[in-house]
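*Asks:* Structure incoming, see below.
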Amino acid sequence: MQVDPKFIYFDLDDTLLNHKKAERAALLDLHDYFSLFDSVDADRLVETYHKINGEQWVLYSEGEINSDQLQQNRFELTLRALGLNDEHFDKIGSKYLQFYQNHWQWIDGAREAFQRVRTRYNVGILTNGFTEVQKKKFKRFNLYDQAKYLVISEEVGVLKPNPAIFEHATRLAGYKAGEILYVGDSYRSDVTGGHSYGWNVAWYTNGSDPNQTDGADFIFKSYNKLCDWLNV
């Protein structure tokens, strides 16, 4: 389905920036830094954290826990699941965030595509995440100067796929919902959330689940394809 948007929002993590790669690298740094993890295989740490962190983000998005509880739980519960002393979860969590920043980088092709898209369209960023961390990313990658609006879920008070954050972003853009395109990687947060509010959605995915296509106007795994679709 071809669309002609008036405004394009991009998701940030795992759409423009490679969060998964940075997350894994930071966890491996943690594993090497703290002797606490000497008895645990590094891949097991990564897998355990990834599972628990994902579960905690769902609870956070549903309002069951707040951001402070999320940041506490994800490492405290990971340590418990690994059979380790969870007393210093806060110290480990703080060190993780330090390591995480060292590994931020663009998704392959995303930087060039983002530049091409913004030459023709007004663009913005709509991201779930912690305000402090996301603002550091905006600054590091010069997004304050390149995006017209930067919307962070923690500042709005709700997370994608809650329609309230899409309503907020729509008001900012100044266009009707059907005139906005959202480019994102998460089926639940981005595709379902955007489509349910009436936005057009371009889904960045490797196609690992071919049964999940409802709500996406365009599906791509190469940013060259997105640029071709938008004629930029």
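The values are calculated or read from the model by the stated rules, or taken from the named source; none is laboratory data. As the structure is a prediction and not an experimental result, all values here were calculated from the model. Neighbour counts run over all protein chains shown; Cβ positions are idealised from the backbone, glycine included. Just the protein is used for accessible areas: all its heavy atoms, side chains included, with ligands, DNA and RNA removed. Shrake-Rupley method; radii C 1.70, N 1.55, O 1.52, S 1.80 Å.
*Asks:* Using the membrane-span-like helix rule (whole DSSP H runs, Cα extent along the own axis of at least 20 Å, mean Kyte-Doolittle hydropathy at least 1.6), which helices of the chain qualify? Walk me through the intermediate numbers first.
*Replies:* Working: long enough: 19-33 (21 Å, -0.91); 42-61 (28 Å, -0.61); 67-81 (21 Å, -1.03).
Qualifying helices, which must be both long enough and hydrophobic enough, do not occur.
*Asks:* Let me ask something additional. Where in the chain is the longest stretch that carries no GluC sites (Glu not before Pro) classed as loop by DSSP and with at most 14 other Cβ atoms within 10 Å? Show your work: numbers first, answer last.
*Replies:* Values: sites that count: 62, 64, 87.
Result, exposed sites excluded: 88-232.
*Asks:* As a test of the formula, what do you get for the chain when each DSSP H run with n ≥ 4 contributes -39,500 (n - 2.57) and the sum is divided by the residue count, at 222 nm and rounded to the nearest 500 deg cm²/dmol?
*Replies:* -14500 deg cm²/dmol, from helical runs alone.
*Asks:* Work out, step by step, the length gained on full extension between residue 62 and residue 35: first 0.36 nm times the residue separation, then minus their alpha carbon distance; give nm to one decimal.
*Replies:* Full-extension gain reported as 6.2 nm.
*Asks:* Rounded to a whole number, what % of the accessible area of region 132-225 do carbon and sulfur atoms account for, probe 1.4 Å? Kindly include the intermediate steps, with their values, before the conclusion.
*Replies:* On the way: 2140 of 4660 Å².
Within region 132-225, the accessible surface is 46 percent carbon and sulfur.
*Asks:* Given a 1.4 angstrom probe, what's the average accessible area per residue across region 93-145, in square angstrom?
*Replies:* 51 Å²
*Asks:* Separate question: For residue 139, go through the lysines and keep the ones whose alpha-carbon is under 27 Å away, minus same-chain ones fewer than eight residues off.
*Replies:* In chain and number order, the partners are 6, 20, 21, 91, 95, 148, 160, 221.
*Asks:* Right, here's the next one. Three principal axis extents, largest first, for the C-alpha atoms of the chain, in Å?
*Replies:* Here the spans come out as 54, 37, 33 Å, largest first.
*Asks:* Let me ask you something else. Round to the nearest 0.05 the FRET efficiency obtained for residue 171 and residue 131 when R0 = 22 Å and r is the Cβ-Cβ distance.
*Replies:* Efficiency, from the Cβ-Cβ distance: 0.70.
*Asks:* Run the accessible area of region 1-86 with a 1.4 Å probe and give the carbon-and-sulfur part as a rounded percent.
*Replies:* In region 1-86, the share of accessible area belonging to carbon and sulfur is 46 percent.
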